[in-house]
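For reference, the structure is listed below as structure tokens.
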Amino acid sequence: MLLYFSCSSFISPISMFTMVGALIIFSTGSGANASIGVNYGTLANNLPPPRQVAEFLLHSTVINRIRLFDADPQILRAFAHTGVAVTVTVPNDQIPHLTNLSFAQQWISDHIQPHFPSTNIIRILVGNEVISTANHLLIRNLVPAMQSLHTALVSASLHRRIQISTPHSLGILSDSTPPSSAKFRQGYDTHVLKPLLSFLRTIASPFVVNPYPFFGYSADTLDFALFRPNPGLFDHDSKLHYTNMFDAQLDSVYSAMDRLGFSDVEIVVGEIGWPSDGDRGQIGVDVDTAAEFNKKLVARVNSGTGTPLMPNRTFETYIFALFNENLKAGPTSERNFGLFRSDMTPIYDIGILRPTVRTSNPENNPRSPVRGASGKRWCVTKSGAETVALQRNIDYVCGLGLDCRPIITGGSCFLPNTVDAHSAYAMNLFYQTMGKHEFDCDFDNTGEITTMDPSYGICEYQAGTFA
């Protein structure tokens, strides 16, 4: 049975005014810190505007992590002030250029600094499944590019806030059966993956893999891939029994890492999913099977049980994908991995919709995504403003006795629980109360006036009209 086939936050300082708790993470299970995110792919011509997507995820689902396949500025702006953890990706063709430090610094300046910390960017992925491309130029430059980009983050004092990594398909394994005998492909093991893992350990970043049971199953192993009752796989070397392909795939990666001496490096699941439609005659490719796989995957990840070789260990996991993508090439299944249609209605429910949404049509939600409001203006935090300065703004405004109850625990604007979001509410409160003068939104150059209503869900920002 081959298992290796395949085709990703910060908490505001404690303050008497912000009453900081933990950011919401979609997890259950005793002591589990697992987190389910989604891959937000955009190879489609019918997707909703990014702002609507951000509002939908924030208020209609329990997802609080997304992975992008680029660093689209429109999407990054849309997720500002939401607290959603965002992973961005550098395209493969940029890898050779990133080995030049000046280019890497400019990339950070152009793609990260205009949006951070307003947008909660937590990780930069350098390329996607680079080793599987067999492009020697990209492979040879992968680790140097990651090192250069990290140096650029250090120069910008962002290296403690943003991680660097790169995702791999399970094609990096030369064998995976049984899991305890798995190893990386010869040549890539010592020349690429060992220095890469050493670098990840040094900078405390995870090893990102894209395990896809969908690409490894056959008619005989469908139950094994879908977490159904099955005879399982017994590893005679480790004496461990595997009941599902996901655990076996992850333990194969772990064994290969352990052989090189890096069992302590964290593993993140960058992509995993199951399509809801495929070509005629494909076994196990339909809506019910996709729902079954992803629902059981979420339960498995959030259980905190880990895998046979990694018990009681949790894995940050990103489901592929948020939407169906009608412009993707390849077989029908490639265009049907989405959890949601382009109108943001679920193709199937795996338990990620909030209870108030699950029984209603999204078009009937009490508040639709916010757009520009003619004649009105608000004060919000300026992109790139320092967290310390924003916390100072909160303390100042709330210290004046203005009504900061909405950003205290349980308040209508407490979530997302970030300094950035709380400061935006407090600064606007001050601006509106003091007469809506431009200088009332300066806050030592950390505020700016906008005509885009920052309100969301039940969180209402006061609004003032132009004089």
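The values are calculated or read from the model by the stated rules, or taken from the named source; none is laboratory data. Everything numeric in this text was worked out from a predicted model, so none of it was measured. Neighbour counts run over all protein chains shown; Cβ positions are idealised from the backbone, glycine included. Side chains included, ligands, DNA and RNA excluded: accessible areas come from the protein's heavy atoms. Shrake-Rupley method; radii C 1.70, N 1.55, O 1.52, S 1.80 Å.
Quick one: net charge of LEU327's neighbours, Cβ under 11 Å, K/R +1, D/E -1?
Details: positive: LYS328, ARG335; negative: GLU325, GLU334.
Net local charge, LEU327 excluded: 0.
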Run the accessible area of segment 111-236 with a 1.4 Å probe and give the carbon-and-sulfur part as a rounded percent.
51 percent
Using a 1.4 Å probe on the protein heavy atoms, what percent of the accessible area of segment 284-343 belongs to carbon and sulfur?
51 percent
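Let me check I've understood the local charge: for GLU438, count other residues with C-beta under 11 angstrom from its C-beta, Lys and Arg +1, Asp and Glu -1. What total comes out?
Details: positive: ARG377, LYS436; negative: ASP440, ASP442, GLU448.
Cβ neighbours under 11 Å give a net charge of -1.
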Under the helix-only model (-39500 (n - 2.57) for each DSSP H run of 4 or more, divided by the residues of the chain), the mean residue ellipticity at 222 nm, to 500 deg cm²/dmol, is -8500 deg cm²/dmol
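Under a 1.4 Å probe, what is the accessible area of the chain per residue, stated in Å²?
Working: 19020 Å² over 467 residues.
Accessible surface, normalised per residue, equals 41 Å².
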Residue pairs, from the table LYS194/LYS295; LYS183/LYS295; LYS239/LYS296; LYS239/LYS295; LYS295/LYS328; LYS296/LYS328, whose Cα atoms sit over 32 Å apart:
LYS194/LYS295
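Can you give the charge dipole size of the chain about its Cα centre, rounded to the nearest 20 debye, using +1 on the beta carbon of Lys and Arg and -1 on the beta carbon of Asp and Glu?
Numbers: 33 positive and 40 negative charges, 69 e Å.
About 340 debye.
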Charges on Cβ only, +1 for Lys and Arg, -1 for Asp and Glu, centred on the Cα centroid of the chain; of THR177, GLY284, ILE66, which one is farthest towards the dipole's positive end?
ILE66
Sorting ILE139, HIS236, ALA78 by the position of each Cα along the dipole of the chain (Lys, Arg +1; Asp, Glu -1; all at Cβ), the one nearest the positive end of that ordering is ALA78
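Which percentage, to the nearest 5, of the DSSP beta bridges contained in the chain is antiparallel? Walk me through the numbers on the way to the answer.
Numbers: 16 of 42 bridges.
Of those bridges, close to 40 percent are antiparallel.
Want the number for ARG185 to ASN100: 0.36 nm per residue separation, take away the alpha-carbon distance, what's left?
27.8 nm
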